[in-house]
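Accompanying notes for the structure given below.
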Amino acid sequence: MPGLVKRTPGLRHAWNALPDSARDRLRARLRAADYRKEQRSTRDDKQLRERPSTAVVERLRAHYEPDLDLLEQLVGPVPGVTQGDRATE
């Protein structure tokens, strides 16, 4: 963001017109948002890449069965998801 402000004359003028306290608060918010974004984007959890067990898949299918039928009625068959294409894992 600071680079964008420096490169854009209109933004640079608006930034410089802000009171110091407002700039400090905005900088803090931008740093916090950047930190949260960085935390989400660098996460590499092995468990998230593993396929769930067959028992878990079956429990989820049973739980979401009515929603899958509604989904198929609304948008048609979804490969690998709706009734016509559901395969047992």
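The numbers here are math on the coordinates, done by the rules we state, and not lab data. Treat the numbers as computed from the prediction; the structure is a model and nothing was measured. Glycine gets a Cβ as well: all are built from the backbone with ideal geometry, and neighbour counts include every protein chain shown.
Listing for the model above:
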{"read-out": "Calculated P(r) tail over 14 Å for the chain, as whole % of Cα pairs", "value": "78"}
{"read-out": "Distance (nanometres) between label positions extended 7 Å along Cα→Cβ at Arg49 and Arg23", "value": "4.4"}
